[in-house]
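Everything below concerns the one structure shown next.
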Amino acid sequence: VLECTNDTDFASQFDSHIKSRNESLGVLKFRPAELQPVTRSPEGFLDAILQASLRMHARHAWDAPANKEGFDGKISFGLVRVANIKTAVAVARHLANNLPGVRVCCYHSQAGVMQRWHIERTLDRLLTRKGKDWAESCVKNESLAAAMSQAANEGRSDLPLIVVATPVEEIGRDHDFDWGVIEPSSSQALVQPGGRVNRHRLEIMTEPNIAILQFNYKTCCNVSGPVF
């Protein structure tokens, strides 16, 4: 219970309380976040996600273990969480068209039953990263092996794999991403996808592995009324 005499006193004590809670939960060690500047236009929104994804991959990609596919480079799994399906499709297309060598999965609730089952089965296998041998197990997955083989054939040394998802990612999914880019639409929309970053490995971070967009898509489209 905070005992306060005025607004300033409350703000000071509340900030201290939040800092203490973050430290006890390890939030600042495992999931440090940064603000991603966004130019207020639809194009600016998409470009901000692209720039954040490039930066996050460069920071948090890991060396692929030696394998028969011949790929000798770095891999990262990224989550781009947006508020709705229309935005997710636009973001997925923009990343696919502008990020060299990327593999993009657009994950939302309106996918066909069999398509969604296949997506979820593949993600569950790739993003379960428990134990010391998770990387060796990961590259044996046929979907990732195919992506690595193509990257090797094209002479690429970077393989960013990005899931562009709506809130469906937050419903019963136990996934561990290397990094995340989050569109702000509610407080819960920051907490839930943030918990999918560095979830199993709990590695101590020296640089932010979560980028929170400065504005959401509706703000960038000048939608009237509250937009968070």
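The values are calculated or read from the model by the stated rules, or taken from the named source; none is laboratory data. This is a predicted model, so every value here is computed, not measured. Backbone-built Cβ (ideal geometry, glycine too); neighbour counts: all protein chains shown. These accessible areas exclude ligands, DNA and RNA; they are computed on the full protein's heavy atoms, side chains included. Shrake-Rupley method; radii C 1.70, N 1.55, O 1.52, S 1.80 Å.
Identify all residues within region 195-221 that are hydrophobic (A, V, I, L, M, F, W, C), within 21 Å of residue 39 (Cβ to Cβ) and open to solvent by less than 20 Å² (accessible area, probe 1.4 Å); write none if there are none. If you could, list the steps in order and put the result at the bottom.
If we filter region 195-221 for residues that are hydrophobic (A, V, I, L, M, F, W, C), which is where we start, we get 197, 202, 204-205, 210-213, 215, 220-221.
Remaining after also requiring within 21 Å of residue 39 (Cβ to Cβ): 210-213, 215, 220-221.
Correct list: 210, 211, 213, 220.
Is it true that residue 96 is in a helix (DSSP H, G or I), farther than 18 Å from residue 175 by Cβ and within 18 Å of the chain's Cα centre (by Cα)?
Working: in a helix (DSSP H, G or I): yes; farther than 18 Å from residue 175 by Cβ: yes; within 18 Å of the chain's Cα centre (by Cα): yes.
It is true that residue 96 is in a helix (DSSP H, G or I), farther than 18 Å from residue 175 by Cβ and within 18 Å of the chain's Cα centre (by Cα).
Could you count how many residues in region 187-221 are among the polar types (S, T, N, Q), under 16 Å from the mean Cα position of the chain (by Cα) and outside any helix (DSSP H, G or I)?
Number satisfying all stated conditions: 4.
Taking region 84-129 on its own, how many of its residues are surrounded by 15 or more Cβ atoms within 10 Å (Cβ to Cβ), over 30 Å from residue 227 (Cα atoms) and aromatic (Phe, Trp, Tyr)?
0
Considering (1) modelled with pLDDT of 90 or more; (2) open to solvent by 70 Å² or more (accessible area, probe 1.4 Å); (3) in a helix (DSSP H, G or I); (4) aliphatic (A, V, I, L, M), say which one residue 35 fails and leave the rest.
(3) is the only condition that residue 35 fails.
In the list 58, 83, 66, which residue meets the criterion of being part of a loop (DSSP other than H, G, I, E, B) and under 22 Å from residue 37 (Cα atoms)?
Numbers: 58 fails: part of a loop (DSSP other than H, G, I, E, B); 66 fails: under 22 Å from residue 37 (Cα atoms).
Selected residue: 83, the only one of 58, 83, 66 that is part of a loop (DSSP other than H, G, I, E, B) and under 22 Å from residue 37 (Cα atoms).
What is the one condition in (1) of a type in the set (Gly, Ala, Ser); (2) loosely packed, with under 14 Cβ neighbours inside 10 Å; (3) within 16 Å of the chain's Cα centre (by Cα) that residue 224 does not satisfy?
Against the list (1) of a type in the set (Gly, Ala, Ser); (2) loosely packed, with under 14 Cβ neighbours inside 10 Å; (3) within 16 Å of the chain's Cα centre (by Cα), residue 224 comes up short only on (3).
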